[in-house]
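**Q** Take a look at the following structure, please.
The values are calculated or read from the model by the stated rules, or taken from the named source; none is laboratory data. Computed from a predicted structure; not experimentally measured. Positions of Cβ are backbone-derived with ideal geometry, glycine not excepted, and every protein chain shown enters the neighbour counts.
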Amino acid sequence: MAHPAEKKGLVLARIPGTSVPLAHTVFGASAFVIALLVGCYAHYYKIVKNGVAGYPDEWFPSVSAATGDWYPERNICQILIALTSGPRFALCFLWYLLTTRNVPANGSKGFAKFLLTNDILRTVACGGWVYITSSDDHDVHDIAMIVYLLCTVPHVVGTIKTAPQNPQAQKYRKLFAYTFFGALFPMVYFFIQHNVHRIPGAYTHYAFFEWSLIISDLAFDAVCMLDFGTFEFRIVDIGPNGKVDTPGVTRAELKTYGGSEGVSAQVNPFDIVSFVSDVYLGFVFWSMLTSLPLMIWYFPLWHMGISGYEAFLFCNLTAVLLGINFLRRGIERAKGFFHLLSLVGVLSFKIADPAQRLMAVAAGVSLSLLTWGATLFGQRHQNGRAERGVMTLALGLVLHNVVKQAWWANNPIWPIMNENNGGQNVVGLALGVLACIQVMFRKEPNAEEPQIVRGNKSGESCLLAAIGAGGYLFCLHSMFTDSSTISRWSLGGYPNTGPNPVIGGLMVIIGMSVGLVLSSKRRWVTSLLWWAVGSSGLAVLHFYEGDMSFAGGIVFTVYALSLFPVVFRSLARQPPGRTYLLAMLVYNILALAHVWVVAYAFVPGGEVMREHTDYVLIAMQACILLGVFNANADAWGAVTQARAHAAFSTTRLLSKITLVGLVLSSANITYKRTPKSAPQPHHPEHKLITAGIWTIHFAIDNDMWNSELRMRDAIRDLELDVIGLLESDLQRIIMGNRDLTQFLSEDLNMYADYGPGPTKHTWGCTMLSKFPIKRSTHHLLPSPKGELACAIHATLDVYGKEVDVIVSHNGQEEDLLDRQLQTTELGRIMRESDNPFLFLGYVVTRPGQGNEIYELLMNGGHVHDVEVSDWDRWCQYLAFRGVKRTGYARVSHGGITDTEIQVGKYQLLENHPTSWDKTQSLEEFRKEETYQQMEESQVPEGMRFPSMFYGQGIRRHRFHVFDRPYYYV
């Protein structure tokens, strides 16, 4: 051990001066933001209520209500304001030093001393209105607030007048000063509207401007980070005699005590923990990004058109804030804290109201995007750290796929998940908090960043980098945020369906891993030849079906993931504000086009994009080509090569280990999800077929929760052998790239036909069956004007005989010609089949003779309506031929959707005619079927509907309309 005398003159610690305003901003902002979030969660209806009105007229709390009225938000705010006080006083003193250091010895420091005194008084007044709330002593609270505001005027004016000559800092100070004082006028106006005129809702508007004062106030002081870059706190061991008495040592030559300038290439436990934390935060980023469009979709789904909530898609445009240098640097230096704030998107599952939950998710996405953007930009000059940043984000994407594979294409930390439907939100949130804490306390390499980012010397263009990154982000989101997407894109009818999504998912995850391993071959992956290979694979995936299509998808998977470091590092080398803004605009345009191709009937100008996924893919590949061509100008930087080599090697080693772990995890999931037994019908002793139809609104229930578990329970308890599920194609950005058939078919042990895949531009129809599917054909029914109608025509092996089933989802009421043509085509398919037939479909019409669409279906298809006297139907219909109908029931939706479940029971009997004479007249055919009913007591137990659905039913599912099932002789 070194003798104490040998340590004299050594610098024990160095603290940059910028840490003072940064700490002040972080603690101050967190005091109000966290109090607001906790208050809205714990006492929302109480803190928005005032003496005039409450929710829904008043729906946003004031600052005082959010921070001063209730436990625990009041106490959280006060604790964090206490932590802010230290940096606040230090900030006042540092500003005094900054403004007096250039004053001549005989010059006056009077104004600087006045400003210091004013700022100290202002700080004490802040403590007065924070710690003495209006409920404690209204007068003292108001006096402290008034003193604070009065002291703010000389504080703002004096700071601007005495600030050093830093044009950028002065520009931001003036901006925040204008916003601060400008907000006072509308704030006073709305306060008068509330307090004098007592207008409901006025206080909510007042609250917005009151909160804007807090933001402007904190932001004004945060600008000091631009001026304090020349300050540094040092803790120096000055020796026993109180002086730095080391001979010949000047202040500038003092050494930092402890540590090493070298960088070890060895992997230590701290490196591993740090790397895992970053990968998990990458997973959180992809989780929130993919949940945002899914939650937005809930609103136009129920509005049947543009709802206004679609604007939240553009929350990512806040990335333009990265162009503000001091803000970006502050986010980078406090990235652990900002990652922590972004977890509001994960915590949002606690918010019951769908609109408020969406707002929280949008805030989380914005914060996470800003944090990752600032991090990647800050690492742009260091190859090792830059490689680590992009690789952890890429590995977070692979982890996202593996986790979704384990949860049947759902993400357990999405805000549509909770403890009732399989979510693990609390676990995900806890892991996120731990990862953020690790980031906060880790020791980052010291890397100075230039004040102004100038164009790089490689010839790269910020315009091309942005276009390439926007197209690439859309590519990843639309195709690689679920491992089953490629399988569903390659889908064909039985038997050439391509790999099932479980085996196919493993292959996709392996392909993603291979692509990331190849990403180190910079010159190869940025070549025009490699782009051509990837584009060819995409073309095969899009234009073919089955195994060949899937093979093309795997080629494109390897290609796409190999570009991850190249594209994002190229993006990070550009001026961040305008580059990230343009990248997000390109991403948003492609995302909307991706929706327009199927939602054209409900959006302005939809006809242009109708059924044109090919247009979207061409645009996406063109964007990627521009980005890759741009990155190829300088695919590898030459900054700090000696240092970066070890860090780069460490990153690659940890990445490969992680990829191996993720692939093995996927293989284990695949093994566990492989069916262990063949499906069996519920009542083979009666040769019974229980079949139903249900429009399930994309597995999002009426309260914006995932509904697959509740759907599973209803299908199981109704003992359905065959069911058609409509509006079931979830493999799009707006549905979260999910796949409800995976969970339902595996948990219920049923065969599944997904129906026409995502590239067929329909809302989807799925068939689940306890009987083997021998063959199936996917139809796009004639739709010259409205939305495309899909149908599955499947042949099942039912007790050793072939039975045909149609599941269809026809067009809307507005397009009569479409419905005529679609129903005519359905009738043709049924009429030309020689097998017994079950129709399970959605046909928008009223039942009964004389109705054109109804007769086109029943008469045109030579099928019997399940119950001709049931006049109170509109869209869902059951029909049959060649089987004996024994029962019919209508079951309420239970809040899962807005559409009931219709169920029919049929028997396949030896003595019952299973085929029909095509020369037979329609009148003769109709005479074969009677609708004579009998009592349930006359029906064998195994052929009855479950009694749990009588009365109030179970889980809000009950027999309704005629309150009981019908049984037939």
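**Q** Leu780 - would you say it is without any contact (Cβ under 8 Å) to a residue 60 or more places away in the chain and surrounded by fewer than 21 Cβ atoms within 10 Å (Cβ to Cβ)?
**A** So Leu780 fits the description; yes.
**Q** Right, another one. Among the candidates His862, His793, single out the residue that is in contact (Cβ under 8 Å) with a residue 60 or more places away in the chain and either in the same structural domain as Phe925 (by TED's automatic domain parsing) or of a type in the set (Ser, Thr, Tyr) (or both).
**A** Result of the check over His862, His793: His862.
**Q** Residue by residue through the stretch 588-598, note down the ones that are surrounded by 21 or more Cβ atoms within 10 Å (Cβ to Cβ) and free of Cβ contacts under 8 Å to residues at least 40 places away in the same chain.
**A** The answer is Trp596, and nothing else.
Here is a yes/no grid of residues against (1) within 27 Å of Leu516 (Cα to Cα); (2) hydroxyl-bearing (Ser, Thr, Tyr); (3) surrounded by fewer than 21 Cβ atoms within 10 Å (Cβ to Cβ):
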residue	(1), (2), (3)
Ser291	yes, yes, no
Glu310	no, no, yes
Leu322	no, no, no
Arg333	no, no, yes
Leu340	no, no, no
Ser348	no, yes, no
Val361	no, no, no
Gly373	yes, no, no
Leu376	yes, no, no
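**Q** Among the residues of the stretch 194-203, are any of a type in the set (Ser, Thr, Tyr) and modelled with pLDDT of 85 or more?
**A** Yes - at least one qualifying residue is present in the stretch 194-203.
**Q** Would you mind finding the one in Leu788, Leu796 that is at pLDDT below 95 and either in contact with a strand residue (DSSP E or B) (Cβ under 9 Å, 6 or more places away or on another chain) or more than 19 Å from Pro501 (Cβ to Cβ) (or both)?
**A** The match here is Leu788.
Residues are listed down the side, and each one gets a yes or a no for (1) buried (at least 17 other Cβ atoms within 10 Å of the Cβ); (2) in contact (Cβ under 8 Å) with a residue 40 or more places away in the chain; (3) at positive phi; (4) not assigned by TED's automatic domain parsing to the domain that holds His24:
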residue: Tyr45; (1), (2), (3), (4): no, no, no, no
residue: Asp57; (1), (2), (3), (4): no, yes, no, no
residue: Asn75; (1), (2), (3), (4): no, no, no, no
residue: Ala82; (1), (2), (3), (4): no, no, no, no
residue: Phe89; (1), (2), (3), (4): no, no, no, no
residue: Trp95; (1), (2), (3), (4): yes, yes, no, no
residue: Ala112; (1), (2), (3), (4): yes, yes, no, no
residue: Thr117; (1), (2), (3), (4): no, no, no, no
residue: Val124; (1), (2), (3), (4): no, no, no, no
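**Q** Considering the stretch 492-508 alone, what residues qualify as being of a type in the set (Val, Ile, Thr) and in a loop (DSSP other than H, G, I, E, B)?
**A** Answer for the stretch 492-508, where residues must be of a type in the set (Val, Ile, Thr) and in a loop (DSSP other than H, G, I, E, B): just Thr497.
**Q** What about Asp701, is it surrounded by fewer than 24 Cβ atoms within 10 Å (Cβ to Cβ) and either among the small types (Gly, Ala, Ser) or on the phi < 0 side of the Ramachandran plot (or both)?
**A** Yes: the conditions hold for Asp701.
**Q** Return the residue satisfying two criteria in turn: it lies in the stretch 509-548 and is in a loop (DSSP other than H, G, I, E, B) and touching a helix residue (DSSP H, G or I) at 6+ places or on another chain (Cβ under 6 Å), and of such residues it is nearest to Ile657 (Cα to Cα).
**A** Selected residue: Ser519.
**Q** Go through Ser947, Ser937, Ser892 for me and flag whichever is in contact with a Lys or Arg (Cβ under 7 Å, 6 or more places away or on another chain), among the small types (Gly, Ala, Ser) and in the same structural domain as Leu720 (by TED's automatic domain parsing).
**A** Among Ser947, Ser937, Ser892, only Ser892 is in contact with a Lys or Arg (Cβ under 7 Å, 6 or more places away or on another chain), among the small types (Gly, Ala, Ser) and in the same structural domain as Leu720 (by TED's automatic domain parsing).
**Q** A follow-up question, please. Confirm whether His155 is touching a Phe, Trp or Tyr at 6+ places or on another chain (Cβ under 7 Å), buried (at least 17 other Cβ atoms within 10 Å of the Cβ) and in a helix (DSSP H, G or I).
**A** Criteria not met by His155.
**Q** Could you tell me how many of the residues in the stretch 831-867 are of a type in the set (A, V, I, L, M, F, W, C) and more than 17 Å from Val883 (Cβ to Cβ)?
**A** Counting residues in the stretch 831-867 that are of a type in the set (A, V, I, L, M, F, W, C) and more than 17 Å from Val883 (Cβ to Cβ) gives 5.
**Q** Let me ask something additional. Kindly establish whether Val961 is under 24 Å from Val803 (Cα atoms) and touching a residue at least 12 places away in the same chain (Cβ under 8 Å).
**A** no
**Q** Only one of these conditions is not met by Phe60: (1) over 22 Å from His43 (Cα atoms); (2) assigned to a loop (DSSP other than H, G, I, E, B). Which number is it?
**A** (1)
**Q** So, in the stretch 674-719, of the ones that are in a helix (DSSP H, G or I) and small (Gly, Ala, Ser), which residue ends up farthest from Ile503 (Cα to Cα)?
**A** That would be Ala714.
**Q** Right, next: Go through the stretch 180-212 and count every residue that is in contact (Cβ under 8 Å) with a residue 40 or more places away in the chain and in a helix (DSSP H, G or I).
**A** Adding up the residues that qualify gives 10.
**Q** Could I ask something else about it? Among the numbered criteria (1) buried (at least 23 other Cβ atoms within 10 Å of the Cβ); (2) touching a residue at least 60 places away in the same chain (Cβ under 8 Å), which one does Leu585 miss?
**A** It is condition (1) that Leu585 fails.
**Q** What number of residues within the stretch 895-946 satisfy the criterion of being free of Cβ contacts under 8 Å to residues at least 12 places away in the same chain and among the β-branched types (Val, Ile, Thr)?
**A** 1
Okay, residues lined up against (1) touching a Phe, Trp or Tyr at 6+ places or on another chain (Cβ under 8 Å); (2) farther than 25 Å from Arg944 by Cα; (3) touching a residue at least 12 places away in the same chain (Cβ under 8 Å):
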site	(1), (2), (3)
Tyr671	no, yes, no
Lys676	no, yes, no
Gln680	no, no, yes
Glu685	no, no, yes
Ile693	yes, no, yes
Phe698	yes, yes, yes
Asp703	no, yes, yes
Arg712	yes, no, yes
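**Q** From the list Thr919, Thr897, pick out the single residue that is over 28 Å from Pro684 (Cα atoms), touching a His at 6+ places or on another chain (Cβ under 6 Å), assigned by TED's automatic domain parsing to the domain that holds Thr690 and not aromatic (Phe, Trp, Tyr).
**A** None of the other options fit; the residue is Thr897.
**Q** What helices (runs of 4 or more DSSP H), lying completely within the stretch 231-346, carry at least 1 residues that are closer than 30 Å to Asn706 by Cα and modelled with pLDDT of 80 or more?
**A** Filter on the stretch 231-346 gives 269-303, 335-342.
**Q** Report whether or not Ile503 is of a type outside the set (D, E, K, R), under 26 Å from the mean Cα position of the chain (by Cα) and surrounded by fewer than 19 Cβ atoms within 10 Å (Cβ to Cβ).
**A** Yes, satisfied.
**Q** Could you tell me whether Thr930 is of a type in the set (S, T, N, Q), modelled with pLDDT under 95 and either in contact with a helix residue (DSSP H, G or I) (Cβ under 6 Å, 6 or more places away or on another chain) or buried (at least 21 other Cβ atoms within 10 Å of the Cβ) (or both)?
**A** So Thr930 fails the test.
**Q** Do we find that Arg828 is part of a strand (DSSP E or B), closer than 21 Å to Ala794 by Cα and in contact with a Gly (Cβ under 9 Å, 6 or more places away or on another chain) in this structure?
**A** Taking the combined requirement at face value, the residue does not satisfy it.
**Q** Six or more apart or on different chains, Cβ atoms under 7 Å: show the pairs whose first residue is in the stretch 10-35 and under 16 Å from Ile214 (Cα atoms) and whose second is crowded, with 19+ Cβ neighbours inside 10 Å and among the hydroxyl-bearing types (Ser, Thr, Tyr).
**A** His24/Thr84; Phe27/Thr84; Gly28/Thr84; Ala31/Thr84; Phe32/Thr67; Ala35/Thr67
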